[in-house]
Structure formats: C-alpha cells, structure tokens
Amino acid sequence: LILTFLLVPFIFSFGRKHPKKMIENPTKRKSDVFDNIFGKIADLVLSAPKKVSVLFSILALMGLIGAFYVQIETNNTHLLTKEVPMRQAIEHVDSSMGGSMAIEVILDTKTPDGVKKVEFLKHMQELEQIIEKNPLVADTTSVLDALRKVRRAMHGGNEEYYALPESDK
C-alpha cells in the first residue's frame with residue numbers, strides 16, 4: 001500500500017506536463033487528511049524521484065528475499081497455545097491413535113475414461129489393500145467403494161455382487 005502511494009505519483013510524473021497555471025493555482029476545495037498525505041507523498045516523489053526509485057528497489061528486493069522465508073503450515077492446531085483443551089485433544093489423538101489428518105491419493109490413468117477399465121480398478125484395489133495393511137491407517141475410501149455398493153444395489157442387495165466387475169462392459 002505504501003509502495004502504491006509512492007509509485008503512482010512517481011510513474012505519473014513521467015506523463016504529460018501540467019500547465020503552470022494549474023500547478024500554481026490548484027482548484028480550491030476543502031482538503032482532508034488524505035489529501036494532505038497524498039499531497040506530501042506527491043511532493044516527495046516529484047522532488048526526489050531517484051531516492052523514491054532507490055527506496056522502492058530496496059523494498060522490492062527485501063520483499064523477494066522475504067518470500068523465500070515464508071513457510072506454509074497446514075496443521076493449524078499449532079496456532080493455539082498448549083493450554084487450550086482443543087489443542088491438547090488433537091495432540092492426544094495424533095500421538096496415541098496415529099493422527100487425525102487425512103491423506104488423499106489421486107491416480108491418473110492418462111487415458112480418457114481410464115478409471116472405467118477393470119484392469120485399472122484391480123490395480124487400484126491392490127494399492128488400497130497395501131495401504132490398509134499399514135497399522136497407522138484407520139480406513140480407506142475410494143471410488144471402488146461406491147462402485148461396489150452400486151453393483152450390489154443393482155443386484156437386489158446380494159452380497160456376492162459387492163465386488164469389482166469382471167469385464168469392462
């Protein structure tokens with residue numbers, strides 16, 4: 001915001017020259033706090049454009065350097081102090097039950113409607129079984145669950161059909 005206030009007048013100073021009459025006798029109107037602030041910024045930019053350019057360059061460089069120090073934190077419980085009961089409960093679940101965070105795995109078949117191919121579905125089922133063997137995994141949910149449930153429902157709720165189809169048809 002401060003850079004905008006400094007840069008806009010600076011950039012506009014390279015534009016069309018204003019008639020002296022307008023500069024010497026600006027239209028008289030009641031000025032407020034913002035008019036005074038913007039007027040002073042404009043005077044600063046017009047009186048010392050090189051200093052403003054150097055200042056902007058330094059601030060921009062500091063911003064770029066600072067951008068490398070930004071860290072993204074997805075666990076928002078660390079924003080709470082350790083005395084907050086919610087944080088204590090979440091830390092207890094994380095330490096004693098393997099965690100409270102979900103992990104999503106997205107598979108790309110690289111072919112149109114590839115997820116409908118039985119061969120891909122079988123590989124997906126194998127991956128699901130490998131993941132379920134991990135003692136820290138409580139549950140897995142995938143498109144396979146929905147497919148099995150729909151197939152079972154289409155066959156009158158018969159449990160034999162709670163499985164993947166045998167063919168692509």
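Using the Cα centre of segment 75-169 as the reference point, and only Cβ charges (+1 on K/R, -1 on D/E), how large is the resulting charge dipole? Debye, rounded to the nearest 20.
200
So how strong a dipole does the chain carry about its Cα centre when Lys and Arg Cβ are +1 and Asp and Glu Cβ are -1, to the nearest 20 debye?
The dipole of the chain has a size of about 1760 debye.
Taking the chain as a Gaussian network, where each spring joins two C-alpha atoms under 10 Å apart, which residue of Asp94, Asp108, Asp145 fluctuates the most?
Highest fluctuation among the options: Asp108.
Restricting to DSSP H runs of at least four residues, report the calculated mean residue ellipticity at 222 nm for the chain, -39500 (n - 2.57) per run over all residues, nearest 500 deg cm²/dmol.
It comes out at -16500 deg cm²/dmol, rounded to the nearest 500.
Identify which of the listed values of Rg and Dmax of the Cα atoms in Å was calculated from the structure shown: [x] 25.8, 88; [y] 32.2, 92; [z] 31.0, 107.
Matching the structure shown: [y].
With the Cα gyration tensor of segment 32-78 giving a ≥ b ≥ c as the square roots of its eigenvalues, does the rule (a/c under 1.5 for rounded; else a/b larger than b/c for prolate; else oblate) give rounded, prolate or oblate?
Judged from the Cα gyration tensor, segment 32-78 comes out oblate (a/c at least 1.5, b/c at or above a/b).
Considering only Pro49, Val150, Ile130, whose Cα is most displaced toward the positive end of the charge dipole of segment 48-169, charges sitting on Cβ of Lys, Arg (+1) and Asp, Glu (-1)?
Of the options given, the answer is Pro49.
Starting from the Cα gyration tensor of segment 67-144, take the square roots of the eigenvalues, sort them a ≥ b ≥ c, and report rounded, prolate or oblate (rounded when a/c is under 1.5, otherwise prolate if a/b is larger than b/c, else oblate).
Verdict is oblate for segment 67-144.
Suppose R0 equals 25 Å. What FRET efficiency, 1/(1 + (r/R0)^6) with r the Cβ-Cβ distance, do Ala67 and Asn36 give to the nearest 0.05?
Efficiency for this residue pair is about 0.15.
Please identify the DSSP H helices in the chain that span no less than 24 Å along the helix axis (Cα) and have a mean Kyte-Doolittle hydropathy of 0.5 or more.
Span-like helices here: 49-67.
For Lys117, list the aspartates and glutamates whose Cα falls under 14 Å from its own Cα; do not include residues on the same chain fewer than 8 positions away.
Filter leaves Asp108, Glu166, Asp168.
Please compute the per residue accessible area over the chain with all protein chains in place, 1.4 Å probe, rounded to a whole number of Å².
Dividing the accessible area of the chain by its residue count gives 87 Å².
Loop sites only, by DSSP: take the chymotrypsin sites (Phe, Trp or Tyr not before Pro) in the chain that have at most 12 other C-beta atoms within 10 Å and name the longest stretch containing none of them.
It runs 70-169.
The values are calculated or read from the model by the stated rules, or taken from the named source; none is laboratory data. None of the values given here were measured: they were computed from a predicted structure. With ideal geometry, Cβ positions are generated from the backbone for all residues, glycine too; neighbour counts draw on all protein chains shown. The area values use the complete protein model at the heavy-atom level, side chains included, leaving out ligands, DNA and RNA. Shrake-Rupley method; radii C 1.70, N 1.55, O 1.52, S 1.80 Å.
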